[in-house]
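As structure tokens, the structure follows; a few thoughts come after it.
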Amino acid sequence: MSRSSYLQADTIALHSGYQPESDHGSRAVPIYQTTSYVFDDVSEASSLFNVEQGGHIYSRITNPTVAVLEQRIAALEGGSGAICTASGMSALYVTFTTLCSAGDHIVSSAQIYGSTATLLRHTLKRFGIDCTFVAINDQDAVKAAIQENTKMVFCESIGNPGLEVADLDAICVTAHDAGVPVVIDATFSTPSLNRPIEHGVNVVVHSATKWMGGHGVAVGGVIVDGGNFDWQKSSRFPELTEPYAPFHGMKFWEEFGPSALAMKMRAESMRDLGAAMSPHNAFLILQGIETLSLRMKQHVANAHELMHWLLEQENVSWVNHPDLETNETNDVAKRLFPKGAGSMVCFGVEGGRAAGAAFIDALQLGSNLANVGDSRTLVLHPGSTTHSRLSPEQMVAAGISEDMIRVSVGIESIKDIKADFANGLRSAKRAAEAS
Amino acid sequence: MELQVNGIRTYAATGGKEFDVALPTVLFIHGSGMDHRAWALQTRWFAFHGYSVLAPDFPGHSLSDGEALTSIEEMGVWLSDFLAAAGVEKAHVVGHSQGFLSALELANNHPEKLLSLTGIGTAAAIPVNPALIETAEIAPAKAADMMLQWGFGPGAQYGVSAVPGMQPIAIGRQIMSNNPLGVDLKACANYTAGADIAEKLDIPSCLILAGKDKMTPLRAGKALASAMNAQVTVFPEHGHMLPVEAPKQSLQALRSFISSL
């Protein structure tokens, strides 16, 4: 059961947001591959444009297939509503620019995905939005970083690729005491392993491209409005509490209350920025979500077995996963992730960068690519790719070392994954001996 | 807009347009634990089609100050004071569930103030299980869950929404959990005058009812309609939360009734 539905999560994943439609009885969610929708008459068209009634106008803003995915993910997370976007990065961009204007400020965890760090550090700065990066579990640092113009505390549920688990309960207390909402990128955890809104988080963002889809065939993002932040009381958000000229001075908080943020994103960002998810991608991600909880169990089981196996290998210098006692946030992981803290494993190979490269190049089953959350096992050297834009100091703050290999553990037979990695480690050893 | 009612700051939604007392007014009254947002998809249409709209939050609810009123009779008196504070002499009055009971009281006290009376998802009496009242007093979110599980029809329980991407159950839960739900439910449970008042009324009236309403069952709504000689519209596949789960259909029924007068 979530705050949005009285069905169990496994049932929500298969049914929420759609009941077989009356005309044809399609059991599967139909793909509404259409740009636009015929109005009954001019009066109805006018009503839709003036938000006098709900409904579809143009697929940049809403689409019936995409809406099913939005309602399903909102129900899984327990949110008041959701907005799907073209990618996880556009979901973040929409979130940041809906809540922030020029002159505003964000407090962010330093341990985040490289492109998100670049967006916060460079791109948003061009538009007058500043960011202070902090160690997110240091609540004194978070509190000290919050300014009068701070609009959110941002973090990832499990930092990429440092695998630091954000202590959501503590972060929410700090942020909410200051009248600031908490926004989280929960891509690495999915609602199958943790529901951030239950810990007080106000906005949950996912790259649905990853574990939600699982198949690696569709790029997409989603923003879930927790509906649990009083934008009026905070007094930091005139964007939501003051009149909005394009809709006859509508005040989103007064009009929509718990869904004010989602409605504002729909009305403004989807209209103006146009980062819409295609209906076909929504359909593909829906297929993935149907088996999300089954896959996550296998992802976590394989990750646990692989990390323990890696610890026993002679040329593996270190292994990191939040469920290992050596991870600094292991206690937080035990509290927030009773079913396991995801399927990302990082490790170092003796012999430095050359040995790491030899390991990756020798893999047959594991794919060397810039993605995570695929059902297949994926590997990457973050220092050369996703986080290559960071300075050495920023790399350390982000929890990245030169020898780090990031593994998104898939759901293949663990026996075959281990055999592939054993072959990779032999190659790494040879490379280390040769250098 | 905000106005003072008996010295208490009171919020009333006006459908996105400035309130104009010169236009015919439609007064929307929310149900137990809810607020003006229950009417988000009806008020705006009326406000942009020749009417003035008032959808107040009762005292102690959401954006209004003050203490919650403890009886339906008090709510009826307060509605009269509210209309006076807004400068409205006559209005089309629309109530959902408990909101309709308080509208009955208003009609009983001041029939001259009503141009018409519409009830949505309602009955002459709304008995409430004492266990639910007790739960609402100590754990409002749990009571809201119990009500929403009963209040929304099968489509909404499966996450179907009239507004793309939204989850009405979560929205309702958030509002009800933060409002004095227990006080409202007790007021509902104690109110017994509805049937007698309904029978005596001589006001154009309409009831919009739901076939899968578990809180004010259809047969109770139809009995009320018969006593009031009211026009009836039934949506067979929806539940008690009609203004939210079937907003377009509810609006259509409301529009045709009010515009026919």
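Where a number appears in this text, it was derived from the coordinates with a stated rule and is not lab data. The model shown is predicted, which means the values in this text are computed figures rather than measured ones. Backbone-built Cβ (ideal geometry, glycine too); neighbour counts: all protein chains shown.
For GluC sites (Glu not before Pro), the sites in the stretch B:12-115 that DSSP calls loop and that have at most 13 other Cβ atoms within 10 Å are B:Glu18, B:Glu67, B:Glu89. Percent of alpha carbon pairs in the stretch A:54-194 separated by more than 25 Å? Of all Cα-Cα distances in the stretch A:54-194, 30 percent exceed 25 Å. In terms of other Cβ atoms within 10 Å, A:Tyr6, B:Tyr158 run from fewest to most in the order A:Tyr6, B:Tyr158. In straight-distance terms, cross-link reach from A:Lys418 covers every one of the lysines whose alpha-carbon lies under 17 Å from its own, apart from those fewer than eight places away in the same chain; here that gives A:Lys429. Provide the FRET efficiency to the nearest 0.05 for the A:Ala245-A:Tyr37 pair, computing r from the beta carbons and using R0 = 25 Å. My answer for the efficiency is 0.45. With a threshold of 22 Å on the Cα-Cα distance, the over-threshold entries among A:Lys233/B:Lys142; A:Lys151/A:Lys251; A:Lys151/A:Lys233 are A:Lys233/B:Lys142.
Across the stretch B:150-194, the residues whose backbone nitrogen lies under 19 Å from the label position 7 Å along the beta-carbon direction of B:Ala125 are B:184-194.
Along its first, second and third principal axes, ordered by size, the stretch A:47-97 spans 31, 24, 18 Å in Cα coordinates.
Applying 1/(1 + (r/R0)^6) with R0 = 56 Å to the Cβ-Cβ distance of A:Leu294 and A:Asn50 gives a FRET efficiency near 0.80.
Between A:Asp331 and A:Asp138, the C-beta separation translates, for a Förster distance of 22 Å, into a calculated FRET efficiency of about 0.90. Using the alpha-carbon positions of the stretch A:18-289, Rg (one decimal) and Dmax (whole number) come out as 18.3, 58 Å.
Taking θ as phi - 60° and the Karplus parameters 6.51, -1.76 and 1.60, the scalar couplings of the stretch B:209-221 work out to 10, 10, x, 10, 7, 8, 9, 10, x, 3, 5, 5, x Hz in sequence order, x denoting glycine and proline. Note on the stretch A:293-434: dipole from Cβ charges, positive end direction compared against A:Ala397, A:Gly340, A:Gly352; the farthest Cα belongs to A:Gly340.
For the stretch A:231-305, the list of chymotrypsin sites (Phe, Trp or Tyr not before Pro) that fall in a loop by DSSP and count at most 12 other C-beta atoms within 10 angstrom is empty. The GluC sites (Glu not before Pro) of the stretch B:198-248 meeting both criteria, a DSSP state outside H, G, I, E and B (loop) and at most 16 other C-beta atoms within 10 angstrom of the site's C-beta, are B:Glu237. Once Rg and the Kirkwood radius are both taken over the C-alpha atoms of the stretch B:110-224, their ratio Rg/Rh works out to 1.00. Size of the stretch A:63-143 from its Cα atoms: along the principal axes, largest to smallest, the extents are 41, 28, 22 Å. Averaged over the residues of peptide A:42-53, the number of Cβ atoms from other protein chains lying within 10 Å of each residue's Cβ is 4. Computed over the stretch B:89-158, the quotient of the alpha carbon radius of gyration and 2.2 N^0.38 Å is 1.39. State whether chain B is rounded, prolate or oblate according to the following rule on the C-alpha gyration tensor (a ≥ b ≥ c being the square roots of its eigenvalues): a/c under 1.5 gives rounded; otherwise a/b larger than b/c gives prolate, and the remaining case gives oblate. Judged from the Cα gyration tensor, chain B comes out rounded (a/c under 1.5).
A simple spin-label model places the labels of B:Glu67 and A:Gln8 4.6 nm from each other, with each point 7 Å out along Cα-to-Cβ. Between B:Glu112 and A:Ser235, the modelled labels are 4.5 nm apart [label points 7 Å from Cα along Cα→Cβ]. Comparing the stretch B:1-80 with the 2.2 N^0.38 Å rule of thumb, its C-alpha radius of gyration ratio is 1.05 (two decimals). Across the protein assembly as shown, the convex hull enclosing all Cα atoms gives 148 Å³ per residue.
Please label the shape of the stretch A:223-280 as rounded, prolate or oblate, based on the square roots a ≥ b ≥ c of the eigenvalues of the alpha-carbon gyration tensor (a/c under 1.5 means rounded; beyond that, a/b larger than b/c means prolate, else oblate).
oblate
Pairwise Cα separations in the stretch B:161-261 fall into 5 Å bins from 0 onward with the following percentages, short to long: 2, 11, 16, 20, 21, 18, 9, 3, 0. The aspartates and glutamates within cross-link reach of B:Lys113, meaning a Cα-to-Cα straight distance under 13 Å and a gap of 8 or more places when in the same chain, are B:Asp81, B:Glu89, B:Glu105, B:Asp202.
Dimensions of the stretch A:142-240 based on its C-alpha atoms, expressed as ranges along the principal axes with the largest first, amount to 42, 28, 21 Å.
Per the Kirkwood formula applied to alpha carbons, the stretch B:23-152 shows a radius of gyration over Rh ratio, Rg over Rh, of 0.97. For the stretch A:293-434, treating each Cα as an identical point scatterer without solvent, what Debye log10 I(q)/I(0) comes out at q = 0.16, 0.21 1/Å? Evaluating at q = 0.16, 0.21 Å⁻¹ gives log10 I(q)/I(0) of -0.83, -1.39. Inter-label distance, A:Asp361 to A:Trp318: 2.6 nm, where each label sits 7 Å from its Cα along the C-beta direction. Listed from fewest to most Cβ neighbours within 10 Å, the set A:Cys155, A:Cys100 follows the order A:Cys100, A:Cys155.
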